[in-house]
Amino acid sequence: MPDPQSPMKASDRFVAALEAEGVEHVFALTGEENLDLLESLRTSSIEVVQNRHEQGSGFMAATYGRLTGKAGVCIATLGPGATNLTTPAAFAFLGGMPLVMITGQKPIKKSRQGQFQIVDIVGLFEPICKMSKQIVHGDTIPAIVQEAFRLAQEERPGSVLLELPEDIAPEDTYEPVLKPHPRYYAVAGDTVLNEAANMIRSAKMPLLLLGAGANRKDVHSVASGFAELTQIPFFNTQMGKGVIDERSDLFLGTAALSEGDYVHCAIDRADLIINVGHDVVEKPPFLMEHGGTKVIHMNYKAAKVDQVYFPQVEVVGDLACSLMRLGDVLGGPLDFDRSYYKRVKKEIDEHISEGSDEPRFPVIPQRLVADTRKVMGDSDIIALDNGMYKIWYARNYKAHKPNTVLLDNALATMGAGLPSAMMAAKLYPDRRVMAICGDGGFMMNSQELETAIRMKLNLVVTVLNDSAYGMIRWKQALAGFEDWGLQFGNPDFVEYAKSFGATGHRITRTEDLVPTFEAAFAAGGVHVVDVPIDYSENQRVLIDELAARVCLI
């Protein structure tokens, strides 16, 4: 560490602070206001990945945070560069992903450009960040950077913005970089754990719910042990998929809808739900009613009470520790009748297996999901963009390990699927990684194919082609409106992939899905697979069948 009395350029000090926080990668689309910072990064240990759009930088950095628990870092310039980060900021803020964004700004001491490109970026980002701050003096950098990473990473994780003006970056600084120190979460007390245990013992039909918070930390082994010990059946939210292996006999299903699905037969019959890691930012997996099912809230932070969520007991503290100690208090399997849950599970499993071998073309969602599962191993990762297919994968694709199904059910933004998959492929080069995108979402950030190829990633990008904004078109039909205004044309995705240097494939027979995926993974590199999709099953399965569904007696 340099002598505290020796001057150090502010941008060098900033990068040294990033290194002290363990930053290994920065994702960027830099402008002239970032040039001092870029030069400081050039001589550092940090890898800089230049993206083709600020959204790509932000989504990759947020996904780094999601998968590692350490804040991902991205850089953009002022004005339009910074405003392009608003969607990734909200993506991380709502999705609980640690993200530090660094933006440039015109000189703040003296400017000869008037209001050219000037936007109040700090004010703009305040509602979608845990902290949004302009650096006005270089000597404040060590403390501000450490605080930014603390806030981004502590529960509930989220986004932080730091604005480094052009005339602050080159100034001399003297304050040394601060050494990070470990932080620990509080542990739930004996009184509340005993209260929760008594509620569970008194329940006639308890259920265990696993949400996104349980996927953010290493809760997998403890949660699995708790379920096996107590023999309480479990279900999960979309962002809680994989916390416990979904091949378990105790797994009922994923709550891809808020109500009215098969899994809600079990949820509606439960008299107690033990909620591990879910909060109301993610789309509700069930709706509470006064005088109805009781809920135990287990999370790192207290519940945010909402009209559809008002738990009766809150176990606040480190999740793994709370679950382990609660299991110790309970001591063993609970004595209650599980026969109804077993019947519901059998019906759900039969339901989601329907259509899994359907040969018709274009491909129906059930067959697509089944064939994807066939080619992906236990630790392999699928990254879903946002569209109708997300519901099908949430319901039908069984996750075997934590964070192997990356989807966004908080902001639920389009355009994040490809960059998220790219980050996963970079972090885990020995795993198969597949991005699954609708044609609408894919085209929002498809330029990042060039970045993926430059990074020499191994990645399969599946593009579901229906030449329409499929989910909105489906909602339009449900509302009784005319089928109008939501269709578009697409490029030839095979030739489009080739133009970037990727390999393109077009599915023309449903039986070619698995061989094409296998060949793409075996070849390595970046592959784009154009899959014509038939969404007519949306109406039959997700509307007609669910409307006719009768919960077992």
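The values are calculated or read from the model by the stated rules, or taken from the named source; none is laboratory data. Here the structure is a predicted model, which is why all the values come from computation and not from measurement. For neighbour counting, all protein chains shown are included, and Cβ atoms are generated from backbone atoms with ideal geometry for every residue, glycine included.
Within the range 162-187, restricting attention to residues that are under 26 Å from the mean Cα position of the chain (by Cα) and of a type in the set (F, W, Y), which residue is surrounded by the most Cβ atoms within 10 Å (Cβ to Cβ)? The qualifying residue surrounded by the most Cβ atoms within 10 Å (Cβ to Cβ) is Y185. Put simply, of R343, R325 the only residue that is part of a helix (DSSP H, G or I) and either out of contact with any helix residue (DSSP H, G or I) (no Cβ under 7 Å at 6 or more places or on another chain) or in the same structural domain as A90 (by TED's automatic domain parsing) (or both) is R343. Please enumerate the residues belonging to the range 139-181 that are among the acidic types (D, E), touching a helix residue (DSSP H, G or I) at 6+ places or on another chain (Cβ under 9 Å) and not in a helix (DSSP H, G or I). If the condition is that a residue be among the acidic types (D, E), touching a helix residue (DSSP H, G or I) at 6+ places or on another chain (Cβ under 9 Å) and not in a helix (DSSP H, G or I), then E155, E163, E166, E171, D172, E175 are the ones that fit.
Screening V119 with (1) crowded, with 20+ Cβ neighbours inside 10 Å; (2) at pLDDT below 95; (3) among the aliphatic types (A, V, I, L, M) gives one miss only, at (1). Report, by residue number, each residue of the range 378-420 that is over 22 Å from D430 (Cα atoms) and either aromatic (F, W, Y) or outside the structural domain of R432 (by TED's automatic domain parsing) (or both). Passing the criteria: Y389, W392, Y393. At positive phi and out of contact with any Gly (no Cβ under 9 Å at 6 or more places or on another chain), is that true of A412? Criteria met by A412.
Does L207 satisfy being surrounded by 23 or more Cβ atoms within 10 Å (Cβ to Cβ) and in contact with a Phe, Trp or Tyr (Cβ under 6 Å, 6 or more places away or on another chain)? Answer is no for this residue. Are any residues in the range 368-398 basic (K, R), in a helix (DSSP H, G or I) and surrounded by fewer than 21 Cβ atoms within 10 Å (Cβ to Cβ), and if so, which ones? Across the range 368-398, the qualifying residues are R373, K374. Applying the selection to the range 433-472, what residues are part of a helix (DSSP H, G or I) and without any contact (Cβ under 8 Å) to a residue 40 or more places away in the chain? Matches in the range 433-472: R454, I472. Among the residues making up the range 481-512, those that are among the polar types (S, T, N, Q) and either more than 18 Å from V369 (Cα to Cα) or surrounded by 15 or more Cβ atoms within 10 Å (Cβ to Cβ) (or both) are Q487, N490, S499, T503, T510. Go through (1) touching a residue at least 40 places away in the same chain (Cβ under 8 Å); (2) touching a helix residue (DSSP H, G or I) at 6+ places or on another chain (Cβ under 6 Å) and name the single condition I391 misses. Failing condition for I391: (2). Selection of first residues in the range 164-188 that are farther than 13 Å from A17 by Cα and of second residues that are in a loop (DSSP other than H, G, I, E, B) and among the hydrophobic types (A, V, I, L, M, F, W, C), restricted to Cβ pairs under 8 Å at least 6 apart or on distinct chains, gives the following pairs, ordered by first then second residue: L164/I135; P165/I108; P165/I135; P165/V136; D167/I108; I168/I108; I168/I135; I168/V136. When residues of the range 357-371 are filtered for being within 26 Å of the chain's Cα centre (by Cα) and not aliphatic (A, V, I, L, M), how many remain? Adding up the residues that qualify gives 4. Of the residues making up the range 203-216, those that are farther than 26 Å from M239 by Cα and either under 31 Å from the mean Cα position of the chain (by Cα) or at pLDDT below 95 (or both) number 0. Which residues, taken from the range 302-313, are of a type in the set (V, I, T) and in contact (Cβ under 8 Å) with a residue 24 or more places away in the chain? Scanning the range 302-313 gives V308, V313.
Considering the range 1-103, the qualifying helices (runs of 4 or more DSSP H), each wholly inside and each with 2 or more residues that are of a type in the set (G, A, S), at pLDDT 95 or above and within 14 Å of the chain's Cα centre (by Cα), run over 54-68, 86-95.
Residue pairs whose Cβ atoms lie under 6 Å apart, sitting 6 or more positions apart in sequence or on different chains, and linking a residue in the range 133-159 that is free of Cβ contacts under 8 Å to residues at least 24 places away in the same chain and buried (at least 18 other Cβ atoms within 10 Å of the Cβ) to a partner that is outside any helix (DSSP H, G or I) and of a type outside the set (A, V, I, L, M), are L151/K130.
Within the range 304-322, the set of residues being out of contact with any His (no Cβ under 6 Å at 6 or more places or on another chain) and in a strand (DSSP E or B) comprises D306, Y309, V313, V315, V316. Taking the criterion of being free of Cβ contacts under 8 Å to residues at least 24 places away in the same chain and either under 22 Å from K70 (Cα atoms) or of a type in the set (G, A, S) (or both), the only residue of the range 1-37 that qualifies is E24. Among the conditions (1) surrounded by fewer than 16 Cβ atoms within 10 Å (Cβ to Cβ); (2) closer than 28 Å to A256 by Cβ; (3) in contact with a helix residue (DSSP H, G or I) (Cβ under 9 Å, 6 or more places away or on another chain); (4) at pLDDT 95 or above, L478 misses just one, which is (4).
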